Amino acid sequence: MLTYLVVSQLTARHGTGEWLKVEDLVECAQIWLRFNDGEVNSLKRMALCRRAQDLATHAEQFSETTFDTKAVAGMFFDGLRLDFRSPAVVEIYTICLAHLLAG
């Protein structure tokens, strides 16, 4: 879910120049849960939403990927599902995984 939230943040930033608001991130988390038959309590969802903003900022500043139109367009397929064939998605997943493993 964290990768989905970070990608959603980067997509919004690229498209509008602004980060998603908290209520938009919460909606993204609900979409992810619906598509993945997941269950995450509301406190954990909020914590992931907060982390997503920080990680999206980090990825935007330090990523080897330039989040241009081509990269952003290739991060989703079927409109709402992450495309793990995208190098940008794989890089963000790796950043998220390292963050979660670090603590």
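The values are calculated or read from the model by the stated rules, or taken from the named source; none is laboratory data. This is a predicted model, so every value here is computed, not measured. Note that we place each Cβ from the backbone using ideal geometry, even for glycine, and neighbour counts take in every protein chain shown.
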Unmet criterion (only one of (1) under 12 Å from the mean Cα position of the chain (by Cα); (2) modelled with pLDDT of 90 or more) for Glu18: (1)
2 or more residues farther than 14 Å from Leu10 by Cα: qualifying helices (runs of 4 or more DSSP H) within the range 22-103: 22-36, 42-62, 87-102
The range 58-90, residues that are closer than 19 Å to Gly17 by Cβ and free of Cβ contacts under 8 Å to residues at least 12 places away in the same chain: Gln61, Thr66, Lys70, Ala73
Residues of the range 41-56 that turn out to be among the polar types (S, T, N, Q) and in contact (Cβ under 8 Å) with a residue 12 or more places away in the chain, as a count: 1
Flag for Gly38 being in contact (Cβ under 8 Å) with a residue 12 or more places away in the chain, surrounded by 13 or more Cβ atoms within 10 Å (Cβ to Cβ) and not hydrophobic (A, V, I, L, M, F, W, C): no
Residue satisfying all of: in the range 69-103; more than 13 Å from Val7 (Cα to Cα) and of a type in the set (D, E, K, R); modelled with the highest pLDDT among these: Arg85
Residues located in the range 50-59, provided they are over 9 Å from the mean Cα position of the chain (by Cα) and within 16 Å of Gly103 (Cα to Cα): Arg50, Arg51, Asp54
